[in-house]
Every structure is written in structure tokens, then in C-alpha cells.
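Take a look at the structure set out below.
The values are calculated or read from the model by the stated rules, or taken from the named source; none is laboratory data. Treat the numbers as computed from the prediction; the structure is a model and nothing was measured. Using ideal geometry, Cβ is built from the backbone for each residue, glycine included, and neighbour counts are taken over all protein chains shown.
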Amino acid sequence: MSEDKRLLEIFKQLCVIPGESFKEEEVIKYIKSFLSKYKIESTLDYQGKKYNSKTTNLFCTINPSKKKNIKRVLLLAHTDTVATSGRIVPVRKDNFIKSKGETILGADNRAGISLFLRLVEEYYTRRLEIPEVSLLFTFGEEAGLCGTKAFNFNNIKADFAILFDHCGAFGEVVVKTPYHKRIFAEYIGKRTHAGVEPEKGVNAISIASKVINSFKFGRIDHQTVWNVGKINGGIATNVVPDLVKVDYEARSIDKDKVDRLINRIDKKSKKIARLFKGEYKREIKKEYSGYIISNRNKYLKQVKSVMKKMGIKLKKTITCGGSDANILFENNIPCLNMSCGIYNPHSYKEKLDITDFNLAYQFLKKFLVSFYRGTE
């Protein structure tokens, strides 16, 4: 299979544009400019204002139709990356694109954006036979799926959606994802002078540390994980601390397991706080619901059929990570999150497999034709 040099060119152009969460404006500007070359009108919702940012989601449609029964597909990619240490310089090494220096590459999710923009380009230059396709580019995915959560899906007409936001070789499709909840805990003690009258104080750090040390965080089983990820408290060494804030999270394919882990933290925190004569308060936040795609899913069958014709075996995978796909399901839009050759995301070893990337693009075109014609 020959390489699509234009696809790689678009990807490299996107990689060098800074775009950490809530700072994606330049990426959005690039996409908007790209679309304008083909006179595609795009809508900006500026929902970043909810996060004190000027960033925005961008939405547009190619090959729009006024017919009621036409098939419609949504393609979604997020525009942000995790934080990085400097300017990203993508370079080719053998069959991979990597970062030249000590930075991330940003393939997560600039690879997804590149696939969709290249599709736009080919549609308008070669008139590909595809259904009505909507494109949604979101902000703040890495900070908690923020753009997708803020987007108004009421006016979206889509039978099905595709994302390329899963790492690994092309052919992997996520079929199970977790339910995810967070606990924002506060351990409250009594503040006193640590040198003059420490016995009158209640040390909030002692409460929090005893709770944390009561558990073994990490992987519970193949579908359940939990973590303590953030601690904040204390003023100075001569002050008995009266407040410590701790953030926990629990994820599982099984919703009941998430609730049981949350309840364990709750019960232990209350018990230890009482022993120290302190207090415990908390707020529980649902991040997103999980989903399971069955073998009978018609879209999964169609994807499998297209891959088979390409000589690719579909590999179903389970993840404890969330993506914009979780929010699409919550908005009653069935979707598949697929891989396109991204490896080691969020790290300085991040890389993109060029062969897999090209395969993903060839698949995308073939699938859309198949979807348009209604074949399996």
C-alpha cells in the first residue's frame, strides 16, 4: 500500500501547533481555515467560556442533504493535547513519526483530525461517494471530556459516529468502557500552634494519610481500577493543619463495582475522622457512564466486514479509559472508538505508525462508501 503523503503532511502541520487543554484556539483556526478553502461553513459555540477560556467546539457538515431518510455519519476528534515541555517537532524515523525532542508528539488526537481533514480534501477534489458527514472537533477532552459535555447535541442528526482516539495497531475497536466517578474529599481537623499546644489540635494530614494507607490503590481486576490522585493541605510546619483535600476516582465496566469502591472510601473516611475527633466531607461527581457494544451491533458488523476485505482482523478491546465516545452514547449516538497506530500517548515516547495510519484512512473511505450504499 502506497503512503498518502498529503495525509502525513496535514498531520505534521497540526502537530507543531500548540494546543493544550483550553488553549486550542490556534488548532481551531487551522481547521476553520482548512475548511474555508472548500467553502464549508463551520459553527463555533465558544463553550470554553465555561472554563474561563476563549476556546470552542467546531462543527460542520459535508455533503449535506435535505432528504429525511438519508444516512448520516458523525466524525469526532478532540483538538487538545496534554501539557508538554516545549515546541513539538515531528520527525520520521523508519516507519514511525516521533517527536524530535523531549516532548509529546500530539498524535492523540491530531491523528484523528488529520484523517478527517484529508477526507474533506478528497471529497471535494475527487467527489467520493459518501453519506452526509458531520465533523465535530472538540476542546478540553484531556481535561475531562469538557468540550463534548458542553456541546449541544439536540440538533445533531447522526445515525452513527466514529472516533480514532484509541491507541494501538489499526484494527482495534473499543467494545467496553468504564463507568467513572470521582470523590472530592475534605478531612477537617483543628488548627493550633504545633510548638505551643499541639495536643489541642487535630491533624487533618494524619486523618487523610491513615485513610489513604488503608487501601491498596491500582487495578482491582481486569475491568476495575481506582486511584488517589491529588492531595492538598497544610500551611506551615509550625501549624497543626486543619484541612486536607484529597481527590479519588473509581472506574469499572461494572457500575456496581464503582459504587462499592466509593462506599468503601466513604465508610473508612468517616470512621477514621471520628477516631481523630475530626470531620469528613465529600462531593461525588459522575464523570461519564460506561458502554458495552455487543457482537450483534450492526455497525460493528459492518466495520468488521470492511476490515476483512482489507485483510485486517478486527480486534475487540476493553479499556478503563474514557473518551468522547462515552458522552456520545449518553446522547444516544452509537459510535465506535478505533485505533489508528498511536502508541505511548501522553509520553515523550509517543509515536505514530505510518502504515497503520494509512490503513485507518483507507478504511475510513471504504467504510463511508459501504455505509452510504447500505452494504455489509
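Checking the conditions here, which among Leu368, Leu328, Leu359 is modelled with pLDDT under 95, buried (at least 19 other Cβ atoms within 10 Å of the Cβ) and not acidic (Asp, Glu)? If you could, list the steps in order and put the result at the bottom.
Details: Leu328 fails: modelled with pLDDT under 95; Leu359 fails: modelled with pLDDT under 95.
Answer to the selection: Leu368.
Identify all residues within the stretch 15-44 that are aliphatic (A, V, I, L, M) and within 24 Å of Ile97 (Cα to Cα); write none if there are none. Please lay out each step first, then the result.
Filtering the stretch 15-44 down to residues aliphatic (A, V, I, L, M) leaves 16-17, 27-28, 31, 35, 40, 44.
Hits for the stretch 15-44 are Val16, Ile17, Val27, Ile28, Ile31.
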Check your understanding: In the list Asp221, Asp159, which residue meets the criterion of being loosely packed, with under 15 Cβ neighbours inside 10 Å and at pLDDT below 95?
Key -> Asp221
**Study point:** Scan of the stretch 1-51 for residues that are within 16 Å of Glu141 (Cβ to Cβ), aromatic (Phe, Trp, Tyr) and at pLDDT below 95, ordered by number
**Key:** Tyr51
Revision key, fill the gap. If we ask which residues in the stretch 323-376 are among the basic types (Lys, Arg) and in a strand (DSSP E or B), their number turns out to be 1
Check your understanding: Given the conditions (1) within 20 Å of Pro334 (Cβ to Cβ); (2) not in a helix (DSSP H, G or I), which single one is not true for Gly144?
Key -> (1)
Review point. Does the stretch 335-349 hold any residues that are crowded, with 18+ Cβ neighbours inside 10 Å and in contact with a strand residue (DSSP E or B) (Cβ under 7 Å, 6 or more places away or on another chain), and which are they?
Key: Cys335, Leu336, Asn337, Met338, Ser339, Cys340, Gly341, Ile342, Tyr343
Point to revise | Candidates Glu186, Glu199, filtered to the one that is more than 21 Å from His346 (Cα to Cα) and without any contact (Cβ under 8 Å) to a residue 24 or more places away in the chain | key: Glu199
Study note, to complete from the structure: Of (1) touching a strand residue (DSSP E or B) at 6+ places or on another chain (Cβ under 7 Å); (2) of a type outside the set (Phe, Trp, Tyr); (3) more than 28 Å from Glu199 (Cα to Cα), Lys270 satisfies every one except (3)
